[in-house]
Amino acid sequence: MTVTVRIRLIAASFLLASSSSAFAQIDGGLPSPQQLSRFGLERAWWNQAELNKSRDKVRHVSMDEDMVYVMSTSGIVTAFDSETGKRRWAVQLGRFDQPGYPVVSNETLAMVVVGSTLYAIEKKTGNMTWTLGLPGQPSTAPGVDDDQVYVGTLEGSVYAFSLRKVRQLYQEQRLPQWSGEAIVWHASASKEITSPPIPSGRTVSFASRDGSLYSVATSDKQLIFQLETNGAIVAPMATAGKLQYIASDDNSFFAINASNGAVLWEYTAGLPIRLAPYVVENDLFLTPDRGGMYCLNATTGDQRWWQPNLRSFIAVIGNAVFASDVDGNLVRLTRDEGGMTASLALRDYSVRVANDRTDRIFMSTPSGRIVSLRQRGETIPVYHKFPDRLPILPSVEPEEAVPPAAETPDATN
């Protein structure tokens, strides 16, 4: 089924939002407990990622409910326990300076594309589970569920690989020659795949620069629906429950029913949207290019508030929203009205995670010093996206992780 979306151009009216803010300056190093306390925060932990400081920088920081992954430009991936900060493992992937995408994961595996190779690493140990040569040049990070991994390519293909079959071929030492045997199906769009495939139960969705969103069956690529927009889809998509959120390059944003592609509501921001939207409970955070940050009702699309000087969403902690402003400061806002209440100059920590999964802030310096912040006194995390994944945690707070004093950290820390 094809649904064509007719986009209406609506002139956006921007009103300057007034705010009162406290400002604290951090010129370098770690923010002190006294500075963070004025913002209702405390430092949960800090540590150092593995990299060559003379030539290497942080390329990506990503996370799931268990781990935080730091990937360097040379292909070193360092994994930290998301709650204690303990460094679990570090591995070198690919050749130096090959292009790579952020780490994604399921319950047991962390997966990352470097160059034209897909690597699967056991999350708990860092042991290499398998490597797979890809049939095309990847254009996004992969998508993964418990049974399959999905990879989009520059020429517009999406490949679904059986995780069980890949592991079997790897153990039998039949890779890369027999990698084609692990392909469950191959789907094609007319242009580059622009958004990481999103598996959801029996379907997987992916978007193309041809302006279409495709939803196909995970088992056999049978087309469930195709939704066409009037502009290219370049921003990553988001899902929340039975809804999917998509941005078109003609300044429009809309929510659809993930089961049948029916458009539920549309919103026009007046500027291109190239960053992923994020949903926490019923709040949807949208950041158009040079257009500030909007908070919308995720169910209806109604605008709740807008702040013009913000550039990216970071996290929701209690009744506060944290974001980055145009100057690189960490900003706290009220969740209900979007009023700015505090600003902290943490510009050294320029690599920041947009965290729609938990109430933790993760940010890193380009040189790999990573810090986790949380609401003061809240040692047990809030799981926004998958509440059922909250583990049984010890009643005693673990000691703060301290990185080794050596210039190059011990990967076994």
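The values are calculated or read from the model by the stated rules, or taken from the named source; none is laboratory data. Remember, it's a predicted structure, so these values are computed and weren't measured experimentally. Neighbour counts run over all protein chains shown; Cβ positions are idealised from the backbone, glycine included.
Couple of notes before you dig in:
- The test for being small (Gly, Ala, Ser) and buried (at least 21 other Cβ atoms within 10 Å of the Cβ) does not hold for Gly133.
- Where strands (runs of 3 or more DSSP E) sit wholly within region 160-208, those with at least 2 residues that are under 19 Å from Leu132 (Cα atoms) and among the hydrophobic types (A, V, I, L, M, F, W, C) occupy 183-188.
- Asp81 vs. criteria within 25 Å of Val234 (Cβ to Cβ), surrounded by fewer than 21 Cβ atoms within 10 Å (Cβ to Cβ) and at pLDDT 95 or above: no
- A single member of Asn297, Asn319 is surrounded by fewer than 18 Cβ atoms within 10 Å (Cβ to Cβ), out of contact with any Cys (no Cβ under 8 Å at 6 or more places or on another chain), without any contact (Cβ under 8 Å) to a residue 40 or more places away in the chain and under 22 Å from Leu346 (Cα atoms), and it is Asn319.
- Residue in region 341-355 that is modelled with the lowest pLDDT, counting only those that are farther than 11 Å from Val61 by Cβ and surrounded by 22 or more Cβ atoms within 10 Å (Cβ to Cβ): Leu346
- Of residues in region 258-284 being among the aromatic types (Phe, Trp, Tyr) and more than 19 Å from Pro197 (Cα to Cα), the one surrounded by the fewest Cβ atoms within 10 Å (Cβ to Cβ): Trp265
- Residues that are farther than 17 Å from Ile380 by Cα, touching a Phe, Trp or Tyr at 6+ places or on another chain (Cβ under 9 Å), in a strand (DSSP E or B) and not aromatic (Phe, Trp, Tyr), drawn from region 64-86: Val70, Met71, Val77, Thr78, Ala79
- One residue stands out in region 330-340 among those that are touching a residue at least 60 places away in the same chain (Cβ under 8 Å) and of a type outside the set (A, V, I, L, M): the one that is surrounded by the fewest Cβ atoms within 10 Å (Cβ to Cβ), namely Gly339.
- Residue check, Val114 in contact with a Lys or Arg (Cβ under 9 Å, 6 or more places away or on another chain) and under 22 Å from Ala182 (Cα atoms): yes
- Residue check, Leu275 assigned to a strand (DSSP E or B) and either touching a strand residue (DSSP E or B) at 6+ places or on another chain (Cβ under 9 Å) or among the acidic types (Asp, Glu) (or both): no
- Residue that is surrounded by the most Cβ atoms within 10 Å (Cβ to Cβ) [pool: residues in region 364-381 that are within 16 Å of Ala320 (Cβ to Cβ) and not acidic (Asp, Glu)]: Leu373
- When we screen Ile317, Ile246, Ile233, Ile273 for residues that are more than 28 Å from Gly201 (Cα to Cα) and under 19 Å from the mean Cα position of the chain (by Cα), the only hit is Ile317.
- Among the residues of region 94-116, just one is at pLDDT below 95 and either touching a Phe, Trp or Tyr at 6+ places or on another chain (Cβ under 9 Å) or among the β-branched types (Val, Ile, Thr) (or both), namely Gly94.
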